[in-house]
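Throughout, read-outs are computed from the coordinates displayed, never taken from laboratory work. Computed from a prediction, not measured in an experiment: that's the story for all the values here. A quick note on method: Cβ atoms are made from the backbone with ideal geometry, for glycine too, and the neighbour counts reach across all protein chains shown.
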Amino acid sequence: MILVDVYECGPVATNAYVLSNPRTREAVVIDTPPDSAERLLLGARSRDCAITQVLLTHTHWDHTADCADIVRATGASVSVHALDAYRLIDPMRHTVWPLPFTIEPVVADRFLEGGQTLRALEINLEVLHTPGHTEGGICFVDHEHRQVFVGDTLFRGSVGRTDLPGGDMDQLIESIRTRLYALPDDYLVYPGHGPRTTIGDERRHNPFVGESAE
């Protein structure tokens, strides 16, 4: 059984997820927003689990700021798509606007690609490359539990912004329609901001990439 806990953190209310398996006593973190490290560590501990992996959906600062703190506290490995690694290595150069705090650089342990399958917590996570919000944006699909962690690719009733460096609206729409919407309607969608939704709800009603927008 995989438990999913969500923590809304940082100045732009970014969702971080702790996936834990009480049987193996391991946890995986998806995204590490500002001011999230202590909460994620305590969350994993409350499940009697230790964080062994950090998976990043993309490398905008609001999803990576506490990555170094998590790694320092746990020794967890860090996985990201290679096309997004440059922001992780030199974060302060790519914040777009000045921040009132400093983000430590992190070197990824593993580069992920679309179509790859990760084994973690005794489940398989399929990696979908969904560029458009960033060049190396990725989503993690847990088919066994019919859920997908989408970062800022897709939101309830919206999509990720594409006006920042590396963004491309046409590419984002294609990513959603050809990759995320290839999943069944009942799959739960866990986004990088805001409440969860389902593939079916977004396919039917999303004003940017739903049936009414075609």
Exercise for the section: Quick one: which residues, 5+ away or cross-chain, put their amide H under 5 Å from the amide H of Leu188? H built at 1.01 Å from N. Expected result: Gln147, Val148
Completion exercise
the chain, Gaussian network, Cα under 10 Å: of Ala76, Ala182, Ala85, the residue fluctuating most is Ala182
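Charges only on Cβ, +1 for Lys and Arg, -1 for Asp and Glu: so what's the dipole of the chain about the Cα centre, in debye to the nearest 20?
Working: 18 positive and 31 negative charges, 80 e Å.
Here the size comes out at about 380 debye.
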Fill in the blank from the handout: Placing +1 on each Lys and Arg Cβ and -1 on each Asp and Glu Cβ in the stretch 5-94, then taking the dipole about the Cα centre, the residue among Leu19, Cys67, Ile89 whose Cα reaches farthest towards the positive end is Leu19
Practice task
Specify which residue in the list Ile138, Ile30, His193 is farthest towards the positive end of the charge dipole of the stretch 3-213, using unit charges on the beta carbon of Lys, Arg (+1) and Asp, Glu (-1), about the Cα centre.
Solution key: Ile30
Practice task
Would you mind classifying the stretch 3-213 by shape? Square roots of the alpha carbon gyration tensor eigenvalues, ordered a ≥ b ≥ c; an a/c under 1.5 is rounded, otherwise it is prolate if a/b is larger than b/c and oblate if not.
Solution key: oblate
Practice task
Enumerate the amide H contacts of Gln116 below 5 Å, restricted to partners 5 or more residues apart or on another chain; note that Pro and chain-start residues carry no placed amide H.
Solution key: Val127
Practice task
Could you check which residue among Ala16, Ala120, Ala44 shows the biggest mean-square fluctuation in a GNM of the chain with a 10 Å Cα cutoff?
Solution key: Ala120
Handout entry: Coil-residue trypsin sites (Lys or Arg not before Pro) of the stretch 10-89, DSSP, other Cβ within 10 Å capped at 14
Key = Arg23, Arg25
Exercise for the section: For n ≥ 4 DSSP H runs only, could you compute -39500 (n - 2.57) per run for the chain, divide by its residues and tell me the 222 nm figure to the nearest 500? Expected result: -5500 deg cm²/dmol
